[in-house]
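Trainee: Before anything else, here's the structure in question.
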């Protein structure tokens, strides 16, 4: 007769991997045969950590609630704690007499320092401590140029990814988890993640259903319905042609491996459909852009505050009246596509990707407002505000980042509107007063502000050449 499993528990530390399927840390704990303690630590105190913004906190609340329900169906539950992660996890491991602790990796600088400290302390105490790759298809240290340096241009980066061993297949969710010792924790409501005074989240509730089950529904619906037309529809904001999976990936309700293999299966099911193959390749490259952002964060932990190309530190951002920034934030610039995007963002916590580029270009190049002001606003208002993708994309538009858009590329919001919202469906939905006397004049002259932007950028380029 085999011996009974060790009664000392294995701890699974959840962070931005709020799912039970394809969760390598949870899978490893279940395979030990030990009781399992699942924990989430709300950490607003550790140095360097960037607390989520308001819209992301709303999503986090509901995703944690969904995860707790999924764990309870498997015989476990989510223990919620608050405090600095390193001492909080250390105390938990002692309190439950843990034999092991498992988690999935994060790639920001402060997060890595915390994880390294926890792993070192646990191992010194005789506790098994292991981390796993779960939120990226390729670990940052595995994709390198021929000379062993990180890539700074997307196309060769993605070519190297596609030449690497293919992403692993997703792991199944554990059917049952052995219940661990009782741990006193907080109710999710006690974290105070939801807005209350006032409750501004009605638009978010009307737009989204967070949680792993809804995430899988969204992925399946995209793969079967929208994917075939993805190449044509993804740039049209008035059409429901994008995947809308970014908040699911941000909070780990889906893994990129699940997305990769679902899209690949949809493509492979119709091997003679060249258009579908092209659409799938285009979408998977967008997943690759997400990878590129995270790999860049791994190399540049200060991505949200420091220009990758340091020559832009001397960019002559003018001192504009605060009302101009407020007009952009509120969608009252007098530029229809910009205003529509900013109002969509405020109402739903999201914005169409094509419009994100337009509003970011307008802020940094027409209004000449520092990209960090826009990044901070998106951080607070996006449900999918990601510590890598958000600053990475802002730096890309501003011209200071990896594989940056050329400094002379200034998205003309009027040309973008006539090209991608030809019939005005998107603008009219979010700016109903457009084409009426109530709609304001533009806060800047578009051709004149473009010339001013090019002149400002040329000063940086001239200094660099000198």
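The values are calculated or read from the model by the stated rules, or taken from the named source; none is laboratory data. Computed from a predicted structure; not experimentally measured. For neighbour counting, all protein chains shown are included, and Cβ atoms are generated from backbone atoms with ideal geometry for every residue, glycine included.
Trainee: When you check residue 183 against the structure, is it within 29 Å of residue 51 (Cα to Cα), surrounded by 14 or more Cβ atoms within 10 Å (Cβ to Cβ), touching a residue at least 40 places away in the same chain (Cβ under 8 Å) and more than 20 Å from the chain's Cα centre (by Cα), yes or no?
Mentor: So residue 183 fits the description; yes.
Trainee: Would you check which residues across the stretch 78-115 are under 15 Å from residue 46 (Cβ atoms), over 23 Å from the mean Cα position of the chain (by Cα) and in a helix (DSSP H, G or I) and list them?
Mentor: 86, 87, 88, 89, 90, 91, listed by residue number.
Trainee: With the condition kept exactly as written, say whether any residue in the stretch 26-46 is out of contact with any strand residue (DSSP E or B) (no Cβ under 8 Å at 6 or more places or on another chain), buried (at least 19 other Cβ atoms within 10 Å of the Cβ) and in a helix (DSSP H, G or I).
Mentor: Yes: the stretch 26-46 contains one or more residues that are out of contact with any strand residue (DSSP E or B) (no Cβ under 8 Å at 6 or more places or on another chain), buried (at least 19 other Cβ atoms within 10 Å of the Cβ) and in a helix (DSSP H, G or I).
Trainee: Let me ask you something else. Report, by residue number, each residue of the stretch 302-357 that is more than 20 Å from residue 393 (Cβ to Cβ), at pLDDT below 95 and not in a helix (DSSP H, G or I).
Mentor: 316, 318, 319, 320, 321
Trainee: With respect to residue 210, is the statement that it is touching a residue at least 40 places away in the same chain (Cβ under 8 Å), farther than 23 Å from residue 54 by Cβ and not in a helix (DSSP H, G or I) true?
Mentor: Considered against the rule, which asks whether it is touching a residue at least 40 places away in the same chain (Cβ under 8 Å), farther than 23 Å from residue 54 by Cβ and not in a helix (DSSP H, G or I), residue 210 comes out as no.
Trainee: From the list 328, 377, 371, 346, exactly one residue is closer than 24 Å to residue 140 by Cβ, touching a helix residue (DSSP H, G or I) at 6+ places or on another chain (Cβ under 7 Å) and in the same structural domain as residue 455 (by TED's automatic domain parsing). Which is it?
Mentor: 371
Trainee: Then there is this: Conditions: (1) under 29 Å from residue 47 (Cβ atoms); (2) modelled with pLDDT of 95 or more; (3) not in a helix (DSSP H, G or I). Residue 170 meets all but one. Number of the miss?
Mentor: Here residue 170 meets the rest and fails (1).
Trainee: Let me ask you something else. Would you pick out the residues in the stretch 116-164 that are in the same structural domain as residue 284 (by TED's automatic domain parsing) and more than 24 Å from the chain's Cα centre (by Cα)?
Mentor: Listed by number, the residues that qualify are 145, 146, 147, 148, 149, 163.
Trainee: Residues in the stretch 298-305: is at least one buried (at least 23 other Cβ atoms within 10 Å of the Cβ) and either within 30 Å of residue 140 (Cβ to Cβ) or out of contact with any strand residue (DSSP E or B) (no Cβ under 9 Å at 6 or more places or on another chain) (or both)?
Mentor: There is at least one residue in the stretch 298-305 that is buried (at least 23 other Cβ atoms within 10 Å of the Cβ) and either within 30 Å of residue 140 (Cβ to Cβ) or out of contact with any strand residue (DSSP E or B) (no Cβ under 9 Å at 6 or more places or on another chain) (or both).
Trainee: Would you confirm whether or not the stretch 34-41 contains a residue that is modelled with pLDDT of 95 or more and under 24 Å from residue 381 (Cβ atoms)?
Mentor: For the stretch 34-41, residues modelled with pLDDT of 95 or more and under 24 Å from residue 381 (Cβ atoms): present.
Trainee: Turning to a different aspect of this structure: Only one of these conditions is not met by residue 434: (1) outside any loop (DSSP other than H, G, I, E, B); (2) in contact (Cβ under 8 Å) with a residue 12 or more places away in the chain. Which number is it?
Mentor: (1)
Trainee: So if I check each of 78, 49, 64, 92, which one is surrounded by fewer than 23 Cβ atoms within 10 Å (Cβ to Cβ), at pLDDT 95 or above, touching a helix residue (DSSP H, G or I) at 6+ places or on another chain (Cβ under 8 Å) and under 21 Å from residue 113 (Cα atoms)?
Mentor: 49
Trainee: Give the residues of the stretch 131-167 that are part of a loop (DSSP other than H, G, I, E, B) and free of Cβ contacts under 8 Å to residues at least 40 places away in the same chain, sorted by residue number.
Mentor: Hits for the stretch 131-167 are 139, 144, 145, 146, 147, 148, 149, 164, 165, 166.
Trainee: With respect to residue 75, determine if the residue is farther than 30 Å from residue 198 by Cβ, in a loop (DSSP other than H, G, I, E, B), in contact with a strand residue (DSSP E or B) (Cβ under 9 Å, 6 or more places away or on another chain) and touching a residue at least 60 places away in the same chain (Cβ under 8 Å).
Mentor: So residue 75 fits the description; yes.
Trainee: Also, I was wondering about something else. Inspect the stretch 323-340 for any residue being crowded, with 18+ Cβ neighbours inside 10 Å and without any contact (Cβ under 8 Å) to a residue 24 or more places away in the chain and give the result as yes or no.
Mentor: Checked against the condition, which is being crowded, with 18+ Cβ neighbours inside 10 Å and without any contact (Cβ under 8 Å) to a residue 24 or more places away in the chain, the stretch 323-340 yields no hits at all.
Trainee: Then there is this: Which members of the stretch 1-19 meet the condition of being assigned to a loop (DSSP other than H, G, I, E, B) and either crowded, with 24+ Cβ neighbours inside 10 Å or without any contact (Cβ under 8 Å) to a residue 60 or more places away in the chain (or both)?
Mentor: 1, 2, 3, 4, 7, 9, 17, 18, 19
Trainee: Right, here's the next one. If a residue must be more than 19 Å from residue 453 (Cα to Cα) and either in contact with a strand residue (DSSP E or B) (Cβ under 8 Å, 6 or more places away or on another chain) or touching a residue at least 24 places away in the same chain (Cβ under 8 Å) (or both), how many such residues does the stretch 394-423 contain?
Mentor: Total meeting the criteria: 6.
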